[in-house]
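The structure appears right after this line, and notes come after that.
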Amino acid sequence: VQLVESGGGLVQAGGSLALSCTASGNTFSRYVMGWFRQAPGKERELVASISLDGSNTYYGESVKGRFTISRDNSKSMVYLQMNTLKPEDTAVYYCAAGGWWYNPRPGDFGFWGQGTQVTVSS
């Protein structure tokens with residue numbers, strides 16, 4: 001499966017941004033989907049993940065209550081709504097497809113997008 005992210009950009013602290021990820025092929029509903037991020041000099045970390053049918057979600061501690069992940073299997077898309085953004089949310093955000101939604105690691109995901117930059121100014 002090929003993944004393409006969109007929606008990144010520059011936003012002021014306290015603002016909102018929505019990311020989208022489009023998957024190619026007709027196997028989207030077979031994959032757990034996740035959003036990860038990586039800031040310069042830091043390891044890639046989980047932002048959020050969502051189960052096959054969207055009924056279960058998991059969030060990294062730093063984004064709980066601010067970010068929401070969702071998916072539309074009919075459109076082969078996964079979304080990340082980011083609210084109350086902070087400068088520390090600045091990173092490249094990656095969409096990923098894999099097999100496990102509960103507290104996953106990057107190694108649990110076999111397919112990755114190219115990433116989209118999110119920059120939050122203070």
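We did not get these values from a lab; they are worked out from the coordinates using the rules stated. Since we're looking at a predicted model, the values are computed, not measured. Every residue, glycine among them, receives a Cβ derived from its backbone with ideal geometry; neighbour counts consider all protein chains shown.
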Open item on the list: With the cut-off at 1.5 for a/c, could you classify the stretch 3-45 from its C-alpha gyration tensor as rounded, prolate or oblate?
Closed with: oblate
Task: Convex hull of Cα atoms in the chain, direction-averaged projection (nm²) - done: 6.5 nm²
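When only C-alpha pairs under 8 Å and at least 6 residues apart count, what is the relative contact order of the chain, in percent?
Values: 314 pairs, mean separation 44.1, N = 122.
Result for the chain is 36 percent.
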Task: Where trypsin sites (Lys or Arg not before Pro) fall in DSSP loop in the stretch 46-122, at most 15 other Cβ within 10 Å - done: LYS64, ARG66, LYS75
Task: Amide hydrogen neighbours beyond the local backbone of LYS86, cut-off 5 Å, H modeled - done: GLY14
